[in-house]
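Below is one structure, written out as structure tokens, with a few remarks after it.
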Amino acid sequence: MTSEQQKRVLVTGGTGLVGSAIKYVIENESNKKNQNEEYFFISSSECDLRNREQTEALFKKYQPTHVIHLAALVGGLFRNLSRNLDFFRDNMQINDNILYVAYQTGVKKVISCLSTCIFPDKTTYPIDETMIHNGAPHDSNFGYSYAKRMIDVLNKGYAVQHNVHYTSIIPTNVFGPNDNFNIEDGHVLPGLIHKCYLAKKNNTPLIIWGSGKPLRQFIYSYDLARLCLWVLREYDSIEPIILSVGEEDEVSIKEAAEAVVKGMDFQGEVKYDTTKADGQFKKTASNKKLRSYLPDFKFTPFEEAIKYTCDWFVKNYDKARK
Ligand code: NAP
Ligand code: GFB
């Protein structure tokens, strides 16, 4: 095997929801293990990627040929509402450092992460990859959204000025083991799983925030991990690609909560706190481009993935991020 073929893959955000799913899939799915790939999963305790010098030292240490760039300040609707400036500044610093140092050190491929929540709020549906910059994002997470959109701008800049081909993926809402189950800061599914756990334990009602009417597409972290490995090995365009279940798999927050109630075997009262924000009503994304490459990719059924995540949380309650 020539050194050309050997991949040294740096995974930033390696200890987070998506990073830990990639680690799990590589270690537990033999058909995903690739002998000429070596992986390095990085957490913020090893390197604060907002800091240029620390980022340069990280690349010097690991000498990556490829980067799966997941690290970001991430959170659900309510964390974004309270810290839009931090989401913009932190993620701008992290993303500029990663792409600049990758360029400086001759990294062959960088896959960065956007999100389906960064698309224009006033849009036609289904949303597709060509629509990223067609208007303002939903105001609830403008900081995060604009910072993520700048990844696409940076990728274009590196392509036209330096002929370097970095790309990006656009996951929809992700959930799974090792998520951030903090009720205030996390996303809806881990928040509801944690709240359901406490409602069962304390014999109190499960409170769903908002009306339950908004619509979401959810992708299981292990499915996203499998798709990330496909992007690493097979996808060679600099144009972003949406990684999501189909439009037909979109569910309401109410239906998502019902899946959590079933997964946690909760028998108690369920109530809605409509004083809490609903956020974006819908962000229905098309996975047509993904399907044109992988027409037969099988997503884990939503209820099965929720059940697995609920069981993981109950079993790992003491060590889970919450
Ligand atoms: P997560 O669980 O919060 O993980 C984020 C990771 O980033 C953590 O490993 C964290 O390190 C690291 N990180 C944060 N700030 C850092 C810093 N200053 N320096 C170095 N590392 C830092 O998030 P996730 O859900 O896995 O998200 C991964 C990627 O997917 C992100 O780019 C996110 O924007 C994108 N995405 C997520 C969703 C979703 O629903 N979760 C949807 C669409 C796109 P520590 O573990 O040490 O804190
Ligand atoms: O996952 P989430 O917080 O973020 O979902 P978004 C928010 C929706 O779930 C709102 C309802 O309609 C909430 O009213 N909800 C109900 C809850 N119960 C809860 C709960 O216990 N916790 C939470 N968090 N919501 C995010 C963006 O939007 O999407 C981020 O703000 C990120 O930047 C993420 O990109 C993927 O889906 O609304």
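The values are calculated or read from the model by the stated rules, or taken from the named source; none is laboratory data. Note that the structure is predicted; figures quoted are calculated from it, not measured. Using ideal geometry, Cβ is built from the backbone for each residue, glycine included, and neighbour counts are taken over all protein chains shown. These area figures cover heavy atoms from the full protein model, side chains too; ligands, DNA and RNA do not enter into them. Shrake-Rupley method; radii C 1.70, N 1.55, O 1.52, S 1.80 Å.
I'm a student and want to see the number: the projected area of the Cα convex hull of segment 238-322, averaged over all directions, in nm². Intermediate values should be presented prior to the final figure.
Working: hull surface 33.6 nm².
Orientation-averaged projected area of the Cα hull: 8.4 nm².
For the chain, the per residue solvent-accessible surface stands at 46 Å², with DNA, RNA and ligands left out and a 1.4 Å probe. Centre-to-centre separation between the Cα atoms of segment 1-53 and those of segment 83-100: 21 Å. The share of Cα pairs per 10 Å bin across segment 12-100, counted from zero up to the longest distance, runs 15, 44, 30, 11, 1 percent.
Between Asp48 and His165, the modelled labels are 3.7 nm apart [label points 7 Å from Cα along Cα→Cβ].
When the P(r) of segment 40-150 is calculated, the portion above 16 Å amounts to 61% of the C-alpha pairs. Only protein atoms count toward the accessible area here, which uses a 1.4 Å probe; on the chain, the carbon and sulfur part of that area reaches 50 percent. Placing one equal scatterer on every Cα of segment 210-276 and applying the Debye formula, the log10 ratio I(q)/I(0) at q = 0.11, 0.24, 0.26 Å⁻¹ is -0.43, -1.09, -1.17. From the Kirkwood radius over Cα pairs of segment 138-232, Stokes-Einstein at 20 °C and 1.002 mPa s returns a whole-number translational diffusion coefficient of 131 µm²/s. Here the alpha carbons of the chain define both size measures, Rg and Dmax, at 19.3, 62 Å. Working value for segment 25-68: equivalent-ellipsoid semi-axes of 25, 12, 7 Å, each the square root of 5 times a Cα gyration tensor eigenvalue, largest first. Restricting the chymotrypsin sites (Phe, Trp or Tyr not before Pro) of segment 222-322 to loop positions (DSSP other than H, G, I, E, B) with no more than 13 neighbouring Cβ atoms within 10 Å leaves Phe281, Tyr317. Over segment 263-306, the alpha carbon radius of gyration divided by the compact-protein estimate 2.2 N^0.38 Å works out to 1.83. Its Kirkwood hydrodynamic radius, worked out from the mean inverse distance over all distinct Cα pairs, puts segment 163-212 at 13.1 Å. An ellipsoid equivalent to segment 76-218, defined through the eigenvalues of its Cα gyration tensor, has semi-axes of 33, 18, 13 Å when rounded to whole angstrom and sorted largest first.
Heavy-atom accessible area with a 1.4 Å probe sorts Ser145, Ser44, Ser20, largest first, into Ser44, Ser20, Ser145. These residues, Asp223, Asp128, Asp249, go from largest to smallest accessible area, 1.4 Å probe, as Asp249, Asp128, Asp223.
When the trypsin sites (Lys or Arg not before Pro) in segment 1-86 are filtered for DSSP coil states and for at most 14 other beta-carbon atoms within 10 Å of their beta-carbon, the remaining sites are Lys33. Treating segment 162-287 as a set of equal point scatterers at the Cα positions, no solvent, please give the Debye-formula log₁₀ I(q)/I(0) at q = 0.09, 0.12 Å⁻¹. The calculated log intensity ratios at q = 0.09, 0.12 Å⁻¹ are -0.32, -0.53.
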